[in-house]
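Engineer: Here you go, one structure.
The values are calculated or read from the model by the stated rules, or taken from the named source; none is laboratory data. Please read all numbers here as calculations on a predicted model, not as lab measurements. Here the Cβ is made from the backbone with ideal geometry for all residues, glycine too, and neighbour counts use every protein chain on show.
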Amino acid sequence: MKKLQFVAVFLAALLMTMPVAFAQELSITVSGRDRSSGNARVKDTLIAEGIAAIPGETIISPEQVRIYYGDAFAFFDNCTRMAGDANNYRCTFTDDSFEAYEPLTFRLELRNDDDKIVKSETKNLRIDGLPPQIVAYNVTPIHSTGEVAVRLSAHDYGLTHGQPQDCSGIKKITLTLNGKPVLEETGQPGICSKDRQIPVRLTESGGLCAYATDFVNQESLPSCQQIIIDSTPPDIREPSIVDSKGVRLTHIRKGQDTIATVTVEIIDEIGVDSKEIKADLSSIAPSLSGLRTPDRVAGNIAIWQNVPVVEPSICKITVTAKDKLGNAAAKDYSCSVKSDNVGPQFVRVVSERFRSNIPLLGRGTALTLEFDEKDNSGGAGIGINRRLAALDLSELGLPNFVQAGYCAPSEGSIWRCTWTLNPPKGTPEGGYTVTVLSGSADDLDNTAGKETAVPIVYDDSPPAPPRIISSRIIKGEDNPNITGAVRGNFAQYVVSSANFTDAYANFSEIGGKTVPGICGVPENDTSAIECTFESKIELSGPYLATIPFVFTDDAGNVANTSAALEVFGLDNETRGQYWIPRVTCTPKLINRATASLIPPYASCSVELTSTRRDVEPYRIRGPENPSECIGDLENVVSDVYTSNVQEGSRNPLVVFKLEAKNYYLNSVNVTCPMTILTKRAIPGGGVISPQPQVIKVPYLAEFYNQPQEDMYAEVDKQIERAMGDALANADWLGTLRKALYYFELLCRVKSIVSSLINVLTVINAALGTMRDGLLNTGIGAPAAAGVAGVNAALCGTNTATQGTFQSIGEALSLFCFFINCGGEVKGSVTEEQQTPTGKVGDDGKPITTPQEVAKIDPETGKQEQTSGQAFTSYFSGGINPLCSKASEVLGLGMPSIKDSLVWSVFCLCLPGIVYNVEKLRQVNCFKAVCLHDEVKERGYPISYCQEMYQYNLCQYVIGQVFAAIPFAQFANRVAGMLTELLSNPVAVVTVGLTLLCMPMCSIYETSPAFTACAVFRTISLVAEAVTSTVSMARTKNLFKSVPGQYCKRMEDIQEDMEEQEKERKAAEGGEGG
């Protein structure tokens, strides 16, 4: 007995100590700072972290968890109880000075409060000191339409280069195109080699690079290859038709054979496949039918030679081509080849100078004649590109056949041809006649046919040689005591000549401009006219300037002279003027909408020119702060700086940065100073001006478009207009649609209940059949009695259930008939279940269901008619007679009424009308939602919402048209049936059983086959009911919301805008107080 007691006590103690012995937990990972378990770099942060637990101990201190390397150990840094867990602690150990050059093995120990080891584990740490390397990389093909294959091999090394072993492993291989990620393929820890062929789809040309990353996040150097992606077809340029003389052929001579050459330039980045270039030239050359390859290809030019051109009724050339990657292009080009048998006809002389209304020409001037060059139809002819117009200039001492030097089209059919007149010297001044020769011809050699004499006046006598009468320097305000030619004083010249019409002087070398002379007849010499020219000296000396004077007469003859002006420098001149600035700024126009978001930048390029060859810029300083400038600065210019100002630069650049804001200015006008210190070369060295020259850099730009703020205001107005739409505001439609939606759900529940009642009915009928079968065998009487008992019980339950549900079911059937617009209510208590009863209804057809048997009046022997049946008997197939008649006329079956607004109105289906008008309301609400969410919030253009609204409206209208077409509805039903069969296995079984048991319906009800089918039918009905119930249960939002809630979103937006308006008014009220 004591022995048994001892054993019992021992077992109890053992049971009590089992949790202590077997429930301790120690799960620690050792890694580097990249937290790749079991891996670290040579120099890294050693991290050991994980979970520790000792049942019975509510606190685990860091001293209870130790990490050992050999005999040395360290305590963990901290242990923290995990949230929601009373036993588990998360413990962490870190060592920032970790350094190792070989794999290490650590031992982790967990000790209890008595310092006894309750759990230990060993962890190995690989040291990965080298990054991975792409050892092989190849991309094929390098020319592609987008699909390429990348073949690469990558190795990761641990501590020895070239040995892919003892590594952390290749974590991922990344492909980038032009610096943007294209593909990333991951690897497994400890796998040190990766050899892959990867298919990649590229969308642009550029450098395709690959690099590898290991599990301690060391990256390889990238391997790259340039890839050209060409998915665009060749660019086929407009064909050119030229004749044997090289003239572009727009016309041909009627009745004359014309042989031409057709050339087409075809451009492609990769190159065109010359064998795939073809052209259809049959419209201009009927003898060349079909697509023909070129006779030769020279570079990008395809050439068809010896093309016999005729005048076509419709001129068209079709060219097809493929590049070397198979990208194909085909273009049709219209052309014009008309008949032209009419030569050019002289119109007039074009001249800027006349004497007595006769063209006036001088020596070396141009004689320009106009010709009218028409074709047979009166339109513009082929032209005079070959310069075949000719003149007889023998009266001027020139040849009697002089071809035009230049001919060009002017306007319409008018061409202008030019001759340069250089008669022999000594040709007397006076009137002459030049003759347009009858042989003047167009490019098709159609001649003028007659000669035309043209009178001209020739004058080669220039004005009298100019003479400088006097010159003087006039003191300026800057130098009141200096009379010499220095900067700030004025240079004045008096020059005389005769027989001229215009006179001017060019003072650019002293910093001035070209100025006309002030001319008059002197008192003492009426044969000459004196002109006075004057300009301020703007540039500092010393240097020698040349000032030319030019006199011209009415014939364009020129006489000129010049004066040399020595410009002196000023001793100790503090601010010399050596440079003439030419400022060019861009942009001239600024978009207000863009400037509202992004600071606009503008730049002004300053070109420095000087007539002095001994000077160059030494130091240029531009504005460094907007405060140095004048003009529209406040809240406009935020920064200004100058670049390209190194010594010797003659093109400094001033850059303006404008504020990003809503601009209501029409323009911005800013002027900034720029200073230039000049270095001047002198014998033996150079000198620097003590004071810089100051020039002005003006910037003027105009604004266009609206500020972004105003654009948003315009968007708000459009949102308000969209919200104010009458249909969008008809929220009662949404409420009514929601009610109908919930009524439809109620009808679905009613169908499921009806299906369950039908299951009981079929089981009852099957048991009755089984009972009769057992009785007929004669040996199954006991079993038949048992079945009969169950049958009687179920029959009573079924009868009671039907009686309870019948009145509700009939009311719901009538209600659902209305909700579904006369559609068949699946699974109702009146639905036929094919169970033969041997009875015949009023229509002479067998009564097949127990429900129909129950409706037979025992006195009359006729079926009773419920109120719902009385109502629906007025309809044919549950549809309004008018709709039924339309269905017969269509001959394609009746579509779903509710899906079509057309049929809903035609059949007076109120739920269908509400359903479809609500869809149209959602389309109207979409516009306001899009303007708010896409335009105002995301920055899309307003046109996007306009186009999407029109698209949705078009889809709705077209959708209503197709919903009214029966065959479209039939196709949707077939597609729905296939989808149901593929997604619902129970439906497949049901269809299969129906097809299998259909022949059994005519067999006597006691036959074994009928019994088997009844059993399978029962299983099928039960499965259908269960599937319907599960489907409804899985639909989380079945009783929560109606789909298509653009209008609900619009209401939320409207509430937000009203709330913002209230806050704005409250803020304004607060400020006013």
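Engineer: For the stretch 505-531, enumerate the residues that are surrounded by 16 or more Cβ atoms within 10 Å (Cβ to Cβ) and either assigned to a strand (DSSP E or B) or not assigned by TED's automatic domain parsing to the domain that holds residue 545 (or both).
Structural biologist: 505, 506, 519, 529, 530, 531
Engineer: Working only within the stretch 429-466, note down all residues that are in the same structural domain as residue 369 (by TED's automatic domain parsing) and modelled with pLDDT under 90.
Structural biologist: 429
Engineer: Considering 123, 171, which residue is within 29 Å of residue 67 (Cβ to Cβ), in the same structural domain as residue 64 (by TED's automatic domain parsing) and not in a loop (DSSP other than H, G, I, E, B)?
Structural biologist: So the residue among 123, 171 that is within 29 Å of residue 67 (Cβ to Cβ), in the same structural domain as residue 64 (by TED's automatic domain parsing) and not in a loop (DSSP other than H, G, I, E, B) is 123.
Engineer: For the subset of the stretch 113-145 comprising residues that are hydroxyl-bearing (Ser, Thr, Tyr) and touching a Leu at 6+ places or on another chain (Cβ under 9 Å), which member is surrounded by the fewest Cβ atoms within 10 Å (Cβ to Cβ)?
Structural biologist: 122
Engineer: Could you say whether any residue in the stretch 67-89 is of a type in the set (Lys, Arg) and within 12 Å of residue 28 (Cβ to Cβ)?
Structural biologist: No, there is no match, as no residue in the stretch 67-89 is of a type in the set (Lys, Arg) and within 12 Å of residue 28 (Cβ to Cβ).
Engineer: Still on this structure, please answer the following. Inspect the stretch 603-618 for any residue being touching a helix residue (DSSP H, G or I) at 6+ places or on another chain (Cβ under 8 Å) and either assigned by TED's automatic domain parsing to the domain that holds residue 661 or assigned to a strand (DSSP E or B) (or both) and give the result as yes or no.
Structural biologist: Yes, the stretch 603-618 has at least one match.
Engineer: Return a yes/no flag: does the stretch 54-61 have any residue that is closer than 30 Å to residue 188 by Cα, of a type outside the set (A, V, I, L, M, F, W, C), modelled with pLDDT of 90 or more and not assigned by TED's automatic domain parsing to the domain that holds residue 197.
Structural biologist: no
Engineer: Could I ask something else about it? Somewhere in the stretch 289-300, is a residue among the β-branched types (Val, Ile, Thr), touching a strand residue (DSSP E or B) at 6+ places or on another chain (Cβ under 9 Å) and over 30 Å from residue 451 (Cα atoms)?
Structural biologist: yes
Engineer: Any residue that is buried (at least 21 other Cβ atoms within 10 Å of the Cβ) and more than 15 Å from residue 465 (Cα to Cα) - is there at least one of those in the stretch 497-504?
Structural biologist: Checked the stretch 497-504: no residue is buried (at least 21 other Cβ atoms within 10 Å of the Cβ) and more than 15 Å from residue 465 (Cα to Cα).
Engineer: Is it true that residue 240 is surrounded by 13 or more Cβ atoms within 10 Å (Cβ to Cβ) and either of a type in the set (S, T, N, Q) or without any contact (Cβ under 8 Å) to a residue 60 or more places away in the chain (or both)?
Structural biologist: So residue 240 fits the description; yes.
Engineer: Whether any residue in the stretch 171-191 is out of contact with any His (no Cβ under 8 Å at 6 or more places or on another chain), of a type in the set (S, T, N, Q) and free of Cβ contacts under 8 Å to residues at least 24 places away in the same chain is what I want to check.
Structural biologist: There is at least one residue in the stretch 171-191 that is out of contact with any His (no Cβ under 8 Å at 6 or more places or on another chain), of a type in the set (S, T, N, Q) and free of Cβ contacts under 8 Å to residues at least 24 places away in the same chain.
Engineer: Among (1) buried (at least 18 other Cβ atoms within 10 Å of the Cβ); (2) part of a helix (DSSP H, G or I); (3) at pLDDT 70 or above, there is one condition residue 734 misses while meeting the rest; what is its number?
Structural biologist: (3)
Engineer: Additional query: Being touching an Asp or Glu at 6+ places or on another chain (Cβ under 7 Å), part of a loop (DSSP other than H, G, I, E, B) and at pLDDT 90 or above is the filter; apply it to the stretch 325-346 and report the residue that is surrounded by the most Cβ atoms within 10 Å (Cβ to Cβ).
Structural biologist: Only one residue fits best here, namely 344.
Engineer: Moving on to the next point. Evaluate the following for residue 604: is it within 38 Å of the chain's Cα centre (by Cα) and buried (at least 19 other Cβ atoms within 10 Å of the Cβ)?
Structural biologist: Yes.
Engineer: Moving to a separate point now. Mind checking which residues of the stretch 920-938 are touching a helix residue (DSSP H, G or I) at 6+ places or on another chain (Cβ under 8 Å), among the basic types (Lys, Arg) and either under 14 Å from residue 1047 (Cβ atoms) or outside any helix (DSSP H, G or I) (or both)?
Structural biologist: 921, 927 - these are the residues of the stretch 920-938 that are touching a helix residue (DSSP H, G or I) at 6+ places or on another chain (Cβ under 8 Å), among the basic types (Lys, Arg) and either under 14 Å from residue 1047 (Cβ atoms) or outside any helix (DSSP H, G or I) (or both).
Engineer: Now for a separate question. Kindly state which strands (runs of 3 or more DSSP E) lie completely within the stretch 47-88 and contain at least 2 residues that are among the β-branched types (Val, Ile, Thr) and surrounded by 11 or more Cβ atoms within 10 Å (Cβ to Cβ).
Structural biologist: In the stretch 47-88, the matching strands (runs of 3 or more DSSP E) lie at 65-69.
Engineer: Follow-up question, since we're still on this one. Are there any pairs, at least 6 apart or on different chains, whose C-beta atoms fall under 6 Å, with the first in the stretch 272-284 and in the same structural domain as residue 249 (by TED's automatic domain parsing) and closer than 16 Å to residue 328 by Cα and the second among the polar types (S, T, N, Q) and not in a strand (DSSP E or B), and if so, which?
Structural biologist: Listed by first residue and then by second, the contacts come to 278/293.
Engineer: Let me ask something additional. Does the stretch 243-271 hold any residues that are β-branched (Val, Ile, Thr) and either closer than 30 Å to residue 190 by Cβ or buried (at least 16 other Cβ atoms within 10 Å of the Cβ) (or both), and which are they?
Structural biologist: Residues satisfying the conditions are 247, 250, 252, 258, 261, 262, 263, 264, 266, 270.
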